[in-house]
């Protein structure tokens, strides 16, 4: 990770996610047309804010950390372009699930 991405720190309970690439080729090398490619609803957490704040002013730490793989909603997220790559900014509560490593 280079300069701008290292310096990017989401505020409060926001999470910066890099969406996974859609498969455009099968394992045997057959090209899949763009219309047939399913939406990719998973991504990797790249940066995490400090967490949500309560009315008392205490901080609730986020459930996800940098490097986690998460499931994303079909719609939503704010597109952010850093170093010519597209990332998406979500609130932690908008994330659907965290994928476990087995």
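Answer yes if at least one residue in the stretch 10-17 is within 24 Å of residue 100 (Cα to Cα), surrounded by 12 or more Cβ atoms within 10 Å (Cβ to Cβ), touching a helix residue (DSSP H, G or I) at 6+ places or on another chain (Cβ under 6 Å) and modelled with pLDDT of 85 or more, and no otherwise. Looking for residues that are within 24 Å of residue 100 (Cα to Cα), surrounded by 12 or more Cβ atoms within 10 Å (Cβ to Cβ), touching a helix residue (DSSP H, G or I) at 6+ places or on another chain (Cβ under 6 Å) and modelled with pLDDT of 85 or more, one finds at least one in the stretch 10-17, hence yes.
Of all the criteria given as (1) farther than 22 Å from residue 5 by Cα; (2) loosely packed, with under 12 Cβ neighbours inside 10 Å, the one not satisfied by residue 84 is (1). Pairs meeting the criteria (first residue in the stretch 32-57 and at positive phi and at pLDDT 70 or above, second residue exposed (fewer than 14 other Cβ atoms within 10 Å of the Cβ) and not in a helix (DSSP H, G or I), beta carbons under 7 Å, at least 6 apart or on different chains) are 51/59; 51/60; 51/61. Scan the stretch 63-92 for residues that are modelled with pLDDT of 90 or more, in a loop (DSSP other than H, G, I, E, B) and within 11 Å of residue 14 (Cα to Cα) and jot them down. Correct list: 64 only.
The values are calculated or read from the model by the stated rules, or taken from the named source; none is laboratory data. Everything numeric in this text was worked out from a predicted model, so none of it was measured. When we count neighbours, we look across all protein chains shown, and the Cβ atoms used for this are built from the backbone with ideal geometry, even at glycine.
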